[in-house]
1. Just to be sure I follow the definition: excluding the sites themselves, where is the longest run in the chain that has none of the GluC sites (Glu not before Pro) in a DSSP loop with at most 15 other Cβ atoms within 10 Å?
2. Quick check for me: using +1 on Lys/Arg Cβ and -1 on Asp/Glu Cβ, what's the dipole size of the chain about its Cα centre, in debye to the nearest 20?
3. For the chain, what is the calculated [θ] at 222 nm in deg cm²/dmol (nearest 500), taking -39500 (n - 2.57) for each run of four or more DSSP H residues and dividing by its residue count?
4. How do 216, 81, 176, 54 rank when sorted from fewest to most other Cβ atoms within 10 Å of their own Cβ?
5. Shape verdict for the stretch 110-212, please, from the Cα gyration tensor: rounded (a/c under 1.5), prolate (a/b greater than b/c) or oblate.
6. To make sure I understand, if each residue's beta carbon is the centre and we count other beta carbons within 10 Å, what order do 14, 198, 182 fall in, fewest to most?
7. Sequence gap of 8 or more, or different chains, plus Cα separation below 29 Å: how many lysine pairs satisfy both in the chain?
8. For the stretch 8-84, just run the numbers: alpha carbon Rg, then divide by 2.2 N^0.38 Å, N being how many residues it has.
Amino acid sequence: MALENLPSRLYQQFARVGQALSSPQRINVLNLLCQCERTVDELADELGQSSANTSAHLKVLREVHLIEIRREGRKVYCSLTSNSAIRLWLALRDFGLEEIPDAREMMREYAHEDVSLEQVVGEDFMEMVRAGEALLLDVRPASEFEAGHLPLAWSIPLDELEARLSELPRDKIILTYRRSPFCIGSIKAVKLLQKAGFRAKRLREGVAEWRATGRTLEVKTV
C-alpha cells in the first residue's frame, strides 16, 4: 500500500465503527455494558428481543472491536473491550444531548415537567460523601451494584426503594445515580425521595463516567 493511500484506508476503517453504531439497539448495548458484563440472554431481555437478534447485533459490535466475549460453560458473556469504548459511547451520547435539537427538546420537556431533574455535576459530590454531608445511593439492579459501584455507595434498587426509605438518613443529602443522565429510574427515585421529605438530587455522573477515566469501581465482597 502506498503511503498516500493511508488516510483513505483508515477512513474506511473508522467508517465501519460509525456503521456499527447506526442501530439504536446496538447503542443501547453499549450503554448496558458500561455498567457490567452481561450474558447474551440478559442483553436480549433488556432489549426486549430474541437471543438470535441480539447475537446478530453483538456480532457487528464485535467485528469493530467494541465488545468482546468470554464463555463459561454454555453461557456467553459480553463486555466492552476497553475504556476507549466507554468514552466513545459517552462522546456520542453527550454530543446528541447537547447538539441535536430534538434530543435537547426531549430533555427540556423532561426538565420542564419534572423539577426533580436537578443534578449534581462534577467531582465535588465525593467530597460531600466523604465529609458525611451526603449519601450516595445506587438505585440500579443489585446485580449491577455487586459487579461494580461508585466508592461508598449504598445499594437500594429502585423497585425496593419505597419499602426501604426508613434505612436512609434524613440529615444528609441523598445523591442518586443509575445508568445515564436520562435514566428514568434515577428520575423516579428522586421524585419518590423528595415526596417522602428527603433532600434528594440526581447525580449526573455514574459508573460509565467513572470507568471512562480509568478510576476503579468498588466491588461487593461476601
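1. Answer - 1-117.
2. For this selection, approximately 420 debye.
3. Mean residue ellipticity, 222 nm, calculated: -14500 deg cm²/dmol.
4. Least crowded to most crowded, the residues run 216, 81, 54, 176.
5. It comes out rounded by the Cα gyration axes.
6. Starting with the residue having the fewest Cβ neighbours, the order is 14, 182, 198.
7. 12
8. 1.09
Rule-based calculations on the coordinates, nothing more; no lab input. The shown structure was predicted, so the numbers you read here are calculated from the model rather than taken from an experiment. Cβ coordinates were reconstructed from backbone atoms using ideal geometry, including for glycine residues, and neighbour counts include every protein chain displayed.
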